[in-house]
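First comes the structure, then the notes that go with it.
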Amino acid sequence: MNDFLERHRWLLFFVLALPLAAGVLVFAWRQPASDPIQIILVAPTAVPTPGPIRVYISGAVRQPDVYTLPPDSIVKDGLAAAGGPAPDADLDRINLAQPLSDGQQVIVPRRGEALSSTVASTPASANTANSLVNINTASAQELETLPGIGPALAQSIVSYRNEHGPFQSIDDLKNVPGIGDARFERLRGLITVGP
């Protein structure tokens, strides 16, 4: 028998190895396949960029008006948009590097003019008699200088006034579609129905 094992050693090895290899293959195929890798593509979301701002540049400038400027503008940019300072402008009394915001009014003082009669850079929320907008007489462009009032809403205010007559009190502005309590509160100190 030893002689038989010696001569057929390789055959015996294959006879024993074959079932072992078959068992390994069956075991490997029976294993559940790993979950396929899922690639989820997420559409990039746009970062909102602030839109242009509208600023009223007045006082000692060549062309006082409401100007549409980029959102990162400063007083110097507004002054340039208004054609530059008038010859009698007192630029030392205003901060040319101050950032501008939507609805802001910049009044460039004249030399020798008392500081109390003009405010060099008036934010739209300032409550001064000089900056009140009369909602009974203001044009749509003038109404657009108010915070939160764009062209469509300004036109709605003018149309409402034309259809219903002058506003009796500033509270009547809440009757205009688009003017809710929150927006009205932002406008309260900036508007009048004055004489």
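The values are calculated or read from the model by the stated rules, or taken from the named source; none is laboratory data. Because the structure is a prediction, the values reported are computed rather than measured. Note that each Cβ is placed from the backbone with ideal geometry, even for glycine, and that neighbours are counted across all protein chains shown.
Return the total of residues in the range 142-167 being among the polar types (S, T, N, Q), modelled with pLDDT of 90 or more and under 18 Å from residue 190 (Cβ atoms). Summing the residues that are among the polar types (S, T, N, Q), modelled with pLDDT of 90 or more and under 18 Å from residue 190 (Cβ atoms) in the range 142-167 gives 1. Can you name the residue in the range 72-89 that is in contact with a strand residue (DSSP E or B) (Cβ under 8 Å, 6 or more places away or on another chain) and without any contact (Cβ under 8 Å) to a residue 24 or more places away in the chain and, of all such residues, is surrounded by the most Cβ atoms within 10 Å (Cβ to Cβ)? Per the stated criteria, the residue is 77. For the range 61-71, the criterion of being among the polar types (S, T, N, Q), under 30 Å from residue 189 (Cα atoms), at pLDDT 90 or above and assigned to a strand (DSSP E or B) is met by at least one residue. Can residue 112 be described as on the phi > 0 side of the Ramachandran plot, over 27 Å from the mean Cα position of the chain (by Cα) and not assigned by TED's automatic domain parsing to the domain that holds residue 151? Spelling it out, residue 112 is indeed on the phi > 0 side of the Ramachandran plot, over 27 Å from the mean Cα position of the chain (by Cα) and not assigned by TED's automatic domain parsing to the domain that holds residue 151.
Only one of the numbered conditions (1) touching a strand residue (DSSP E or B) at 6+ places or on another chain (Cβ under 8 Å); (2) modelled with pLDDT under 85 is not met by residue 112, and that is (1). Checked against the criterion of being of a type in the set (Ser, Thr, Tyr) and modelled with pLDDT of 65 or more, the range 120-127 contains not a single residue that satisfies it. For the residues 15, 47, 42, the requirement of being in a helix (DSSP H, G or I) and modelled with pLDDT under 90 singles out 15. For first residues located in the range 163-175 and not assigned by TED's automatic domain parsing to the domain that holds residue 136, partners that are loosely packed, with under 12 Cβ neighbours inside 10 Å and part of a helix (DSSP H, G or I) and lie 6+ apart or on another chain with Cβ distances below 8 Å do not occur.
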